1. Quick check: anything in the stretch 313-320 surrounded by fewer than 17 Cβ atoms within 10 Å (Cβ to Cβ) and assigned by TED's automatic domain parsing to the domain that holds Leu388?
2. What single numbered condition from (1) surrounded by 17 or more Cβ atoms within 10 Å (Cβ to Cβ); (2) in contact with a Pro (Cβ under 8 Å, 6 or more places away or on another chain); (3) free of Cβ contacts under 8 Å to residues at least 24 places away in the same chain fails to hold for Val36?
3. Of everything in the stretch 238-249 that's outside any loop (DSSP other than H, G, I, E, B) and over 16 Å from the mean Cα position of the chain (by Cα), which residue is nearest to Leu184 (Cα to Cα)?
4. Given Leu206, Leu231, which one is hydrophobic (A, V, I, L, M, F, W, C), assigned by TED's automatic domain parsing to the domain that holds Asp304 and closer than 25 Å to Met1 by Cβ?
5. Go through the stretch 265-294 and count every residue that is closer than 30 Å to Arg316 by Cα and assigned to a loop (DSSP other than H, G, I, E, B).
6. Just checking, does the stretch 118-134 include any residue being over 24 Å from Ile15 (Cα atoms) and not hydrophobic (A, V, I, L, M, F, W, C)?
7. Modelled with pLDDT of 95 or more, more than 17 Å from Ser210 (Cα to Cα), outside the structural domain of Ala170 (by TED's automatic domain parsing) and not β-branched (Val, Ile, Thr): which single residue out of Ala332, Ala252, Ala346, Ala273 fits that description?
8. Name the helices (runs of 4 or more DSSP H) wholly within the stretch 295-405 that hold at least 2 residues that are under 23 Å from the mean Cα position of the chain (by Cα)?
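The values are calculated or read from the model by the stated rules, or taken from the named source; none is laboratory data. Everything numeric in this text was worked out from a predicted model, so none of it was measured. Neighbour counts are summed over all protein chains in view; Cβ atoms, including those assigned to glycine, are modelled from backbone coordinates with ideal geometry.
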Amino acid sequence: MFKNKKVVLGVCGGIAVYKAVELLRLLVKAGADVSVIMTRSAQEFVTPLTFQTLSGNPVHTELFNLYQEKEIGHISLADRADLFLVAPATANVIGKVAAGIADDLLTTALMATRAPVLFAPAMNVHMYENPIYQRNEACLRELGYHFINPAVGALACGYEGQGKLPEPEAIFSAAQAVLAPQDLAGQHLLVTAGPTREELDPVRYLSNYSSGKMGYAIARAARMRGADVVLVSGPTFLTPPQGVTLIPVVSAEQMRKTVLDALPKATAVVKSAAVADYRPASLSTQKLKKSDEDMTLVLEKNPDILAEVGAGKEGRVLVGFAAETQDLLKHAADKLKRKNLDLIVANDVTQAGAGFDVDTNIVKLLHADGHVEALPQLSKDEVAHQLLDRVVELLKQREAKTDQV
């Protein structure tokens, strides 16, 4: 979302300014060209040199300094922004913007910009709850300004409550969502992720190496693009994406029931979970003790959730995954056909950068018409957006067919 994008980061005064430094680092790492505007109060907490060093651009602090020869600073900054992000945003600055007051560089640039604006408020809990502040925020929201709600926790003033600046990663995700195309608005996506666990006894289970990172990236990207998302997840250590309905499950049977319950509302289903193919035929109520003899486990087949959804998919778009160690295209094409999929994402988990529990993936996209696309090594977030681009096209094709009928 941020590659080659110009972001103006407004930094207001407050103890949370240090988090804006980390937010700047995330933006620059994602490929954004960031220009920082600091209020005088912000400079009391962190020096402009810190932001200048990390951004690689001059930090702007004064209203009447020219940005470049023949350019008026606040107008230049306002015009070139693809996104205007204010973090931390104080009650003072939010109130000024709501009232149309422009008396310093930050508020003047905010008044002049036509770029989307995202505020990340940070303040004392009583200030946040004050009806005057709430009126100002409501006014700006109604005018199309974006807000990320402050977090709840211990505040620097000693109080406990809502008003804490969210973590930089959360603000970064909110900024991504503002820039993302809303081409999935009105769609309901059902996404599965992670492994399943098949209990053997009270202390042991059968499972696999899936981390859930790919499925969580898909859910996060779909929500950014406007979809209502239900994420059915096996056990992981991941933080659920904001705005996504998470339904945790453990076993394949639990995942099957949850998926089938959520299926009627779904317009598209992305089954990225690594569901166990087999489970123990019997469950021991007590821990199985070690003995001198070898142990034989009898396994029985788990239900094939993807095949069951494919058999009754009706007008839905259905995407599956194939994690293979050999004959990748052959096995993926067979799975695509047998399970009545519209698209399958295939990856060789033996490849470096494409296996479990890494942040990148190398995939091939196999379409129902036989077309195969090979993607280079990308982050799982990038793979998620590439996949959703195809889902959007498939949904458009379905809608066009429906309109013709």
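1. Scanning the stretch 313-320 turns up at least one residue that is surrounded by fewer than 17 Cβ atoms within 10 Å (Cβ to Cβ) and assigned by TED's automatic domain parsing to the domain that holds Leu388.
2. Exception for Val36: condition (3).
3. Filtering first and then ranking leaves Ile247.
4. One residue alone meets the criteria, Leu231.
5. 7
6. No, the stretch 118-134 has no match at all.
7. Criteria check complete, one pass: Ala332.
8. 380-404
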